[in-house]
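One structure is given here, and the rest of the page talks about it.
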Amino acid sequence: MNPDNLNTMLRKLNLSNDLKERARKVIPHQTGTFSRAAATFVEGVYPAYIKSAKGSHFTDVDGNEYLDYLLGLGPITLGYNYKVVNDAIIDQLNDGIIFSLPHPTEVESSELMCKTIPHAEMVKFEKSGSNAVTGAVRAARAITKRDKIAYCGSGGVWHDWQAAMVSRDGGVPEFNKKLINVFNYNDDQGLEQIFEDNQNEIAAIVLEPTIYEKPTNNFLKRVRETADKNNSVLIMDEVITGFRFDLKGGQKYFDLKGDLVCFGKGMGNGLPISAITGPYEYMQIFDKLWVSSTNNSETLSMAGTIAVIDEMREKNTVSKCWELGSTLFDGWNKITEKNNLDVKMLGYPIRMTMKCFNSKKVESLALKALILQEMIKKGIFMSPGPTFISYSHSLEDIYNTLNVLDDVCKEISKKVSNDNYEKYLEGNMPKTIWTMTMQPIKKQDKYV
């Protein structure tokens, strides 16, 4: 039997599909995280359930191995099943998980965060990035005695204050929409307009220091100046940029000081932990706020995070990820250009995304889906959204990916005509999880 046909047959074994059908009967949307659901990928071709993972690879429940570039939706910075982190968790497990009083690990992990993160004098741990940013927003409102928020980011903070902005806004009170003003990245004029229209009402600017776009025209500096001029709190959402762009985060990489800075994902290499950091003058407000949870002091995640940060510092893991990411980023764009496909990686080598355009220069989601489908059939797992690199990825992994990409591009260029990419899809088109329903404020809007 042809090896390619054998691989295809193996990938169509039934265990993954059986689990998916069982899940649909007992779990809304199949899984507790929208971005992991089968419909998010090319359903019918992609694996639906993972059994185990090690380093940069995972194995699905049907025994197929894949090289992974989504990395648990971003948290895996060192690699799956990373021994140093596992050992720290196991050591702490022998003493216990959670207790009736604080554990010394909470003090130790807080001290380490303060030594690592710029301007951090105090730390408050949470269990998710959403909780951290939401806690920071509440703190800013308490500090300023104001209610409104100016927001610029990629989403992902799915509590009431932010869910009002997006299509999945059921159950969110209408008044929340009046408290949020959205502005585009690199549009400091739009941000100024928000403050002009809401004088002395903006508690905080919530800013993701970058998504994929590079800052231009001193944008980040202007955001900082606008916050200072209006006595508003600058909350930096570093749930993704933190511990990826630099060990010290986006504050260091972009030379930007946040007042309250939120971390998650990569700080725990997959552990359920996040943090709010900042100087004492801002963090002391948490003495007065009900931002508290039983599991915030869970020790396994804090012990593991200490191991993650120590490993990152000792082995300079972030630099290696930048180097590997640059090889993938540059090689990808050279290969697609060579094969006359407008399929480009955009963003940063440490956090990139694929954009696909047809012959008319119109963005083609069908072409993206076809690229993803053909890559997954050859053992390369990538998502319709971000592409990440971990310390456990090797140069061999990157070269393997680029060789597969070259084969896929040649095959597509040979068989597809008239931009008819959807014809060659063997599964369903990936579904969009959410859309932004709140339009960003523009400077000219005032005069229209």
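Please list, by residue number, every one of the GluC sites (Glu not before Pro) in region 140-221 that is coil in DSSP and has at most 15 other beta-carbon atoms within 10 Å.
GLU213
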Practice item. Binning at 10 Å from 0, report for the chain what percent of all alpha-carbon pair distances ends up in each bin. Key: 4, 20, 29, 27, 16, 5, 0, 0
Point to revise | Dipole magnitude of region 6-98 about its Cα centre (Cβ charges: Lys, Arg +1; Asp, Glu -1), debye to nearest 20 | key: 360 debye
Study note, to complete from the structure: Among region 217-244, those whose backbone N falls under 17 Å of a label point 7 Å along Cα→Cβ from ASP255 are 217-225
Check your understanding: Amide H to amide H, which residues 5 or more places from ASP342 or on other chains are under 5 Å from it, using H placed in the peptide plane?
Key -> PHE357
Study note, to complete from the structure: If the chain between THR294 and ASP197 were fully extended at 0.36 nm per residue, the gain over the current Cα-Cα distance would be 30.9 nm
**Study point:** Net +/- balance of residues flanking MET429 in space, Cβ distance below 10 Å, scoring K and R +1, D and E -1
**Key:** 0
Check your understanding: Percent relative contact order of region 270-390, based on C-alpha pairs within less than 8 angstrom and at least six residues apart?
Key -> 17 percent
Review point. Looking at region 99-200, how many pairs of lysines come closer than 27 Å at the Cα, when each pair is eight or more places apart or spans two chains?
Key: 11
**Study point:** Cβ-based charge dipole, region 379-441, positive-most Cα from TYR391, SER413, LEU425
**Key:** LEU425
Check your understanding: Which distance in nm do the two modelled labels at THR59 and GLU314 give, with both placed 7 Å along the Cα-to-Cβ direction?
Key -> 2.8 nm
Exercise for review: Filter the trypsin sites (Lys or Arg not before Pro) in region 105-190 down to the DSSP loop ones having no more than 15 other Cβ atoms within 10 Å, then list what survives.
Suggested key: LYS145, ARG168
Revision key, fill the gap. Expected vector for region 127-135, Karplus 3J(HN,Hα) from phi with 6.51, -1.76, 1.60 and θ = phi - 60°, integer Hz, x for Gly and Pro, equals 10, 8, x, 4, 4, 5, 5, 4, x
Check your understanding: How high is the relative contact order of region 1-130, in percent, counting Cα pairs under 8 Å that sit 6 or more residues apart?
Key -> 15 percent
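Count the net charge of all other residues whose Cβ sits under 12 Å from the Cβ of TYR69, scoring Lys and Arg as +1 and Asp and Glu as -1. Intermediate values should be presented prior to the final figure.
Details: positive: ARG351; negative: ASP68, ASP397.
Once all neighbours under 12 Å are counted, the net charge is -1.
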**Study point:** GLU121 paired with SER154, simple spin-label distance in nm, labels 7 Å along Cα-to-beta-carbon
**Key:** 3.3 nm
Review point. Given ALA303, PRO349, HIS29, which one lies farthest toward the positive end of the charge dipole of the chain, if we put +1 on the Cβ of every Lys and Arg and -1 on the Cβ of every Asp and Glu?
Key: HIS29
Study note, to complete from the structure: Residue-ordered couplings for region 163-176, obtained by feeding phi - 60° into the Karplus form 6.51 cos²θ - 1.76 cosθ + 1.60 and rounding to whole Hz (Gly and Pro as x), are 4, 5, 7, 10, 5, 8, 10, x, x, 8, x, 4, 5, 4
**Study point:** Pairs of lysines in region 321-439 (C-alpha under 12 Å apart; 8 or more residues apart or interchain)
**Key:** 6
Point to revise | Computed label-point distance, nm, for sites GLU411 and ASN17 using a 7 Å Cα→Cβ extension | key: 2.0 nm
Review point. Among VAL416, VAL408, VAL362, whose mean-square fluctuation peaks in a Gaussian network model of the chain (Cα, cutoff 10 Å)?
Key: VAL362
**Study point:** Unit charges at the beta carbon, dipole of region 196-326: most positive-side option, PHE286, GLY242, TRP322
**Key:** TRP322
Exercise for review: With θ set to phi - 60°, apply the Karplus curve 6.51 cos²θ - 1.76 cosθ + 1.60 along region 315-324 and write out the HN-Hα couplings as whole Hz, x wherever there is a Gly or Pro.
Suggested key: 9, 6, 5, 5, 4, 5, 4, 4, 5, 5
Practice item. Output the antiparallel fraction of DSSP beta bridges having both residues in the chain, as a percent to the nearest 5. Key: 60 percent
Point to revise | Kirkwood hydrodynamic radius (C-alpha pairs) into Stokes-Einstein, region 277-340, 20 °C and 1.002 mPa s, D in µm²/s | key: 132 µm²/s
Practice item. Note down the magnitude of the dipole of the chain about its Cα centre, charges +1 on Lys and Arg C-beta and -1 on Asp and Glu C-beta and zero elsewhere, to the nearest 20 debye. Key: 960 debye
Review point. Relative contact order (percent) for the chain, with alpha-carbon contacts under 8 angstrom and 6 or more residues of separation?
Key: 23 percent
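For a distance above 21 Å, tell me the whole-number percent of Cα pairs in region 301-448 that qualify.
The calculated P(r) of region 301-448 puts 53 percent of pairs beyond 21 Å.
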Check your understanding: If the label point is 7 Å along Cα→Cβ of ARG24, which residues in region 34-78 have backbone nitrogen under 18 Å from it?
Key -> 34-50
Study note, to complete from the structure: Computed about the Cα centre, the charge dipole of region 380-445 from +1 Lys/Arg and -1 Asp/Glu charges at the Cβ has a magnitude in debye, to the nearest 20, of 360 debye
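Read the figures in this text as sums done on the coordinates, not as results from a lab. Predicted model, so just to flag it, every value in this text is computed and none were measured. Glycine gets a Cβ as well: all are built from the backbone with ideal geometry, and neighbour counts include every protein chain shown.
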